[in-house]
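The values are calculated or read from the model by the stated rules, or taken from the named source; none is laboratory data. A quick note: this is a predicted structure, and the numbers were derived from the prediction, not measured. Because the Cβ atoms are built from the backbone with ideal geometry, glycine has one as well, and the counts that use them run over all protein chains shown. Just the protein is used for accessible areas: all its heavy atoms, side chains included, with ligands, DNA and RNA removed. Shrake-Rupley method; radii C 1.70, N 1.55, O 1.52, S 1.80 Å.
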Amino acid sequence: LNWLAGFFYSTDTIQGTYDGNLKAIFNTTTLSGWDQTAHSAAAFGQVEYDLTPEVSLVGGVRYTEEKKKNTGFTEDLATSCPASFLTRLPCGAGPLRIASVNATIDNQDWSWKGGINWKPADNLLVYASVSSGMKSGGFFSGFATTSSALQPYRPESLLAYEAGTKGRTREFDWSASVFHYDYEDVQTFIPVSYTHLRAHETKANLVCR
């Protein structure tokens, strides 16, 4: 029986501003700002148990807990006369806050992995696995015309299937694999509103060196 266990912790603070020049479109300039903090902790472990000298089972689990907080805004500065075409604010009357957020999100997730390894020879491995994963939710930071654009988005989840083989000869090392990824609530930027998004990805890979 081979095993490993570990713990992970991180903390991040991100502060920034963005000066938006919208004179060509809305005859104005804007200022966006954000102040984000994130704390993440995880505990994980994996075991590999030899059923026979050639066949082993692999299993793992990971628990992740993450907390994020964001305070952000976008303001119309109304710097160009006669007025801002974005908010109809007369020049010099700004700034006018048009979007803001002050929110906290908490993400908890159990991820896991199960697989089997077969070694018919010392220089050959055949394997198959199923695993899950999570990318935590977060916040968009930047120019926004409505507060709803700054609200937190949901975590992304993944269920991954993979099978492949690896080998070695005197001349080169090689590997080949095929995998299928099933995503849910994919985190991506799109110009239309989706409340639920799923995606699938299937690929094959061959590497020789």
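Test residue 79 against the criterion of being surrounded by fewer than 15 Cβ atoms within 10 Å (Cβ to Cβ), β-branched (Val, Ile, Thr) and farther than 30 Å from residue 124 by Cβ, and give yes or no.
no
What number goes with the only condition from (1) under 27 Å from residue 108 (Cβ atoms); (2) modelled with pLDDT under 90; (3) surrounded by 14 or more Cβ atoms within 10 Å (Cβ to Cβ) that residue 162 does not pass?
Looking at each condition in turn, residue 162 falls short on (2).
If you scan the stretch 165-191, which residues turn out to be assigned to a loop (DSSP other than H, G, I, E, B) and either modelled with pLDDT of 90 or more or among the β-branched types (Val, Ile, Thr) (or both)?
Selection gives 169, 186, 188, 190.
Mind listing whichever residues of the stretch 15-26 are touching a residue at least 40 places away in the same chain (Cβ under 8 Å) and either open to solvent by 80 Å² or more (accessible area, probe 1.4 Å) or touching a helix residue (DSSP H, G or I) at 6+ places or on another chain (Cβ under 9 Å) (or both)?
Answer for the stretch 15-26, where residues must be touching a residue at least 40 places away in the same chain (Cβ under 8 Å) and either open to solvent by 80 Å² or more (accessible area, probe 1.4 Å) or touching a helix residue (DSSP H, G or I) at 6+ places or on another chain (Cβ under 9 Å) (or both): 18, 23, 25.
If you take the residues in the stretch 92-127 that are farther than 30 Å from residue 79 by Cβ, within 21 Å of the chain's Cα centre (by Cα) and open to solvent by less than 50 Å² (accessible area, probe 1.4 Å), which one is modelled with the lowest pLDDT?
Residue satisfying both the conditions and the ranking: 107.
I'm trying to understand the selection: among the residues of the stretch 114-133, which are β-branched (Val, Ile, Thr) and under 17 Å from residue 45 (Cα atoms)?
116, 130
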